[in-house]
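The values are calculated or read from the model by the stated rules, or taken from the named source; none is laboratory data. Predicted, not measured: the structure shown is a model, and the values here were computed from it. Cβ placement follows ideal geometry from the backbone for every residue including glycine, while neighbour counts extend to all protein chains displayed.
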Amino acid sequence: MTFPPPIFFFLLLATWFFSASHVFCADTVTEDKTPTLESIARNCMACHGGRGISRSPLISSLVNIDKERFIALLQGYRDGTTPATVMNRLMQGFSDDDIRALADYFQAIDPEVSPHK
Ligand code: HEC
């Protein structure tokens, strides 16, 4: 057997390759996970329908609610003054500014343009 055995070079190369690629990954995987208004609103749509337009009679649309009523409802859920099953839990941690931004977001959607064909 010659020394060093060929496996030694292989291991050296492998170690170099994996440690180097690790450094690459650390660079490319750091993506911004900060929620945006858009990403928060998409979570609402999971229940309330695409673009806030509900397909089910069991859950309300978010596009045709008066803005002040929308804000009051969400603040009520958050503060525990509006009885609810789900929304009271969801609204924990939402500030008045967050709620107003969501109200504006859904107000800006044209209820006539349905996402459901
Ligand atoms: C897990 C499902 C779910 C998600 C996600 C969800 N909602 Fe709701 N929403 C409900 C349910 C259920 C109700 C009825 C009240 C209750 O029981 O919680 C409701 C009620 C509401 C109402 C009152 C409608 C009315 O006319 O009384 C508003 C406004 C509302 N949600 C806004 C939102 C917003 C804004 C978001 C996103 C931040 C959101 N919801 C996310 C399930 C959901």
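Being modelled with pLDDT under 95 and surrounded by 10 or more Cβ atoms within 10 Å (Cβ to Cβ) is the requirement here; does L37 meet it?
Spelling it out, it is not the case that L37 is modelled with pLDDT under 95 and surrounded by 10 or more Cβ atoms within 10 Å (Cβ to Cβ).
Looking across the range 81-91, just one residue is more than 6 Å from the ligand (Cβ to nearest atom), part of a loop (DSSP other than H, G, I, E, B) and touching a Phe, Trp or Tyr at 6+ places or on another chain (Cβ under 8 Å), and that is M91.
The C-beta contact set for the range 76-95 (first residue touching a residue at least 24 places away in the same chain (Cβ under 8 Å), second residue surrounded by 10 or more Cβ atoms within 10 Å (Cβ to Cβ), distance under 8 angstrom, 6+ apart or interchain) comprises V86/C47.
When we screen L73, L13 for residues that are at pLDDT 95 or above and more than 20 Å from the chain's Cα centre (by Cα), the only hit is L73.
Residues that are surrounded by 15 or more Cβ atoms within 10 Å (Cβ to Cβ) and over 14 Å from H48 (Cβ atoms) within the range 81-100 comprise T82, N88, F94, D98, I99, R100, listed in sequence order. Taking the listed residues R69, R78, the one that is more than 14 Å from Q107 (Cα to Cα) and either more than 7 Å from the ligand (Cβ to nearest atom) or surrounded by 15 or more Cβ atoms within 10 Å (Cβ to Cβ) (or both) is R78, with no other qualifying.
Say we look at the range 43-66 and pick out the residues that are near the ligand (Cβ under 7 Å from one of its atoms) and without any contact (Cβ under 8 Å) to a residue 40 or more places away in the chain; which of these is surrounded by the most Cβ atoms within 10 Å (Cβ to Cβ)?
Going through the qualifying residues, I end up with H48.
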